[in-house]
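Take a look at the structure below.
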Amino acid sequence: MKIPDLLTAKQTLSFEFFPPKHQSNLADVLSVIEDFKVLNPDFISITFGAGGSTVGKSEDLAIKAQKDIGLNVMSHLTITNQSVEQIDKFLNHVAQEGVQNILALRGDLPQMTGASSEKRGAFQYARELIQHIVTHLDVAIGAACYPEGHPESPDLEADIAHTKNKVDAGAQFLVTQLFFDNNDYYRFLERASRAGISVPVVAGIMPILDASQARRFAARCGAKIPPKLNEGLEKYGYDSAAVQEFGVEYTTTQLQDLWTNNVPGVHFYTLNRTYSVTKVLRNLNLAD
């Protein structure tokens, strides 16, 4: 089912998964996804590695999750280092296998790639990929947005202008980068409304599993660590079990506020781990 139709009908819950580094571990990730099926997600997403580094595994995982496990899948697709032929091959294959939703992204270069070899492939910007998909394939198209601004944007107004460009190009819904302060999400909605963006904005959140990992992810995507979260990370950071339980408590409060304020949907960055997401949803009676 196409995600815009779901967002029109209900508040959605969805989960993101990343493919394994090695094809031999594909069954392990599929087993994790199977475990999440009992939580009745409205859709799941499968990431696309930096520079297209996981393209084959992302493709296989998306198709198997759709066909074999029976979940509604959104495939990520990035333009970095991808030719038009490679992009079309991926799109046509997943669409033929029943995937009806694409998250169109610019994407990042692999960390080992030096600046001298940076290239963007056939397209330079996500909006160009969106325009290409619109004219070539009947799928629902989502795009990314950044409640605290993209790290490369000079300011929030420039960031919202870039977001508007993606919507004008054909993005039918947006999924946010992770954030830990709901007020950043609400302020983004206000900027989006002023800019004339009217598509649904799904809130992306990530339960804390590890203190140093959370700080690293936040720094990478430009998300701030609010005082209450920082206090908990400092207090429990050296006890992995305690920090995970604190993360469940923090994310439960975050989700409760979002859900009560009738966000269109919440997308969990699961890191391929079931415990925290399951406990958060059960805390709020959103899962059996």
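Summary table
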item	result
Residue ID - surrounded by the fewest Cβ atoms within 10 Å (Cβ to Cβ), chosen from residues in segment 216-228 that are touching a Phe, Trp or Tyr at 6+ places or on another chain (Cβ under 8 Å) and among the aliphatic types (A, V, I, L, M)	Ile225
In segment 168-217, residue nearest to Gln11 (Cα to Cα) [restricted to those that are within 15 Å of the chain's Cα centre (by Cα) and small (Gly, Ala, Ser)]	Ala203
Enumerated strands (runs of 3 or more DSSP E) restricted to segment 129-215, each holding at least 2 residues that are surrounded by 20 or more Cβ atoms within 10 Å (Cβ to Cβ) and among the small types (Gly, Ala, Ser)	140-145, 201-205
In segment 111-128, the residues that are at pLDDT below 80 and either of a type in the set (S, T, N, Q) or exposed (fewer than 15 other Cβ atoms within 10 Å of the Cβ) (or both)	Gln111, Met112, Thr113, Gly114, Ala115, Ser116, Ser117, Glu118, Lys119
Members of segment 1-53 found to be assigned to a strand (DSSP E or B) and over 13 Å from Val277 (Cβ atoms), listed by number	Thr12, Phe43, Ser45, Ile46
Verdict on Arg220 being at pLDDT below 95, basic (Lys, Arg) and either within 16 Å of the chain's Cα centre (by Cα) or farther than 26 Å from Met74 by Cβ (or both)	yes
Subset tally (residues that are of a type in the set (Asp, Glu) and touching an Asp or Glu at 6+ places or on another chain (Cβ under 7 Å)) for segment 173-187	1
Pick from segment 1-41, criterion more than 22 Å from Leu284 (Cα to Cα) and in contact with a Pro (Cβ under 7 Å, 6 or more places away or on another chain), ranking: most open to solvent (accessible area, probe 1.4 Å)	Asp28
Residue in segment 77-87 that is part of a loop (DSSP other than H, G, I, E, B), of a type in the set (Ser, Thr, Tyr), farther than 17 Å from Gln172 by Cα and modelled with pLDDT under 95 present	yes
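The values are calculated or read from the model by the stated rules, or taken from the named source; none is laboratory data. Quantities reported herein were computed from a predicted structural model and do not represent experimental measurements. Backbone-built Cβ (ideal geometry, glycine too); neighbour counts: all protein chains shown. Only protein heavy atoms, including side chains, enter the accessible area calculation; ligands, DNA and RNA are left aside. Shrake-Rupley method; radii C 1.70, N 1.55, O 1.52, S 1.80 Å.
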